[in-house]
């Protein structure tokens, strides 16, 4: 069954209204018609089986036939990513969404040189498309780019904050997670060149634990995704 994402407020009184690119894709690309059934997610973790009633390129309406709880990530995982150059953040958001990252916080650090103005809306669209592809019933949050200080404020309530730092030689990510049972985990990943020393001290002073992912130095677009996969494995799959 084809999946679509409904914006906030689009599902009310047993009716669904889709517009914009979702309506165009449904009506023009897929050529669905009134009477066809589709699956609509509302971003909250619910899935709705919907029978289409009116189909047009600019607006689609339907009747909700059934609502069930969908698949959502088992851990509240936050990725604070130093904004990298070019389109690397696009792939970070796409792959992170597929893995189960719940919140992306693009951070403007000392070594961030990329122009990020206006890109958050693009990253949100990428997250929505990736969520559809991997059949998530929730939508990850993607914040506007913020300063590193603000990013630290935003993750202050996390049960565990892990700082990926090439200067750490002893504490591995696995050892930091040993016997831990956090419900909310934040990963801090620097841009190209990593965090500078002042940012590392700042994060540690705010409770972050420096960890290493091994002897090899990973690219920024690889490090956060690798760490997210490790955290999800250690805290969920490995303990089943």
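The values are calculated or read from the model by the stated rules, or taken from the named source; none is laboratory data. Because the structure is predicted, anything quoted here is derived from the model rather than measured. Please note: Cβ atoms are built from the backbone with ideal geometry, for glycine as well, and neighbour counts cover all protein chains shown.
For segment 159-179, name all the residues that are touching a residue at least 40 places away in the same chain (Cβ under 8 Å), surrounded by 14 or more Cβ atoms within 10 Å (Cβ to Cβ) and farther than 17 Å from residue 149 by Cβ. Full working, then the answer.
First, pick out the residues of segment 159-179 that are touching a residue at least 40 places away in the same chain (Cβ under 8 Å): 160-174, 177.
Keeping just the survivors that are surrounded by 14 or more Cβ atoms within 10 Å (Cβ to Cβ) gives 160-166, 168, 171-174, 177.
Those that are touching a residue at least 40 places away in the same chain (Cβ under 8 Å), surrounded by 14 or more Cβ atoms within 10 Å (Cβ to Cβ) and farther than 17 Å from residue 149 by Cβ: 160, 162, 164, 165, 166, 168, 171, 172, 173, 174, 177.
Among the residues of segment 113-146 satisfying the criterion of being in contact with a helix residue (DSSP H, G or I) (Cβ under 9 Å, 6 or more places away or on another chain) and over 29 Å from residue 235 (Cα atoms), which is surrounded by the fewest Cβ atoms within 10 Å (Cβ to Cβ)? Spell out how you get there, then give the answer.
First, pick out the residues of segment 113-146 that are in contact with a helix residue (DSSP H, G or I) (Cβ under 9 Å, 6 or more places away or on another chain): 114, 116, 119, 122-131, 133-134, 136-146.
From what is left, the residues that are over 29 Å from residue 235 (Cα atoms) are 114, 116, 119, 122.
Numbers: 114: 19, 116: 17, 119: 18, 122: 14.
Step by step, filter segment 113-146, then rank; the result is 122.
Name, by its number, the condition in (1) assigned to a loop (DSSP other than H, G, I, E, B); (2) farther than 18 Å from residue 89 by Cβ that does not hold for residue 161.
Answer for residue 161: the failing condition is (1).
Is it fair to say residue 213 is over 30 Å from residue 3 (Cα atoms), buried (at least 22 other Cβ atoms within 10 Å of the Cβ) and at pLDDT 90 or above? Lay out the reasoning, then the answer.
Details: over 30 Å from residue 3 (Cα atoms): yes; buried (at least 22 other Cβ atoms within 10 Å of the Cβ): no; at pLDDT 90 or above: yes.
When the stated conditions are applied, residue 213 does not pass them.
With respect to residue 189, determine if the residue is touching a helix residue (DSSP H, G or I) at 6+ places or on another chain (Cβ under 6 Å), under 21 Å from residue 146 (Cα atoms) and at pLDDT 95 or above.
Details: touching a helix residue (DSSP H, G or I) at 6+ places or on another chain (Cβ under 6 Å): yes; under 21 Å from residue 146 (Cα atoms): yes; at pLDDT 95 or above: yes.
When the stated conditions are applied, residue 189 passes them.
Can you pull out the residues in segment 22-42 that are out of contact with any strand residue (DSSP E or B) (no Cβ under 6 Å at 6 or more places or on another chain) and within 14 Å of residue 132 (Cα to Cα)?
If the condition is that a residue be out of contact with any strand residue (DSSP E or B) (no Cβ under 6 Å at 6 or more places or on another chain) and within 14 Å of residue 132 (Cα to Cα), then 25 is the only one that fits.
Only strands (runs of 3 or more DSSP E) wholly contained in segment 1-59 count here; list those with 3 or more residues that are surrounded by fewer than 16 Cβ atoms within 10 Å (Cβ to Cβ) and outside the structural domain of residue 142 (by TED's automatic domain parsing).
46-56
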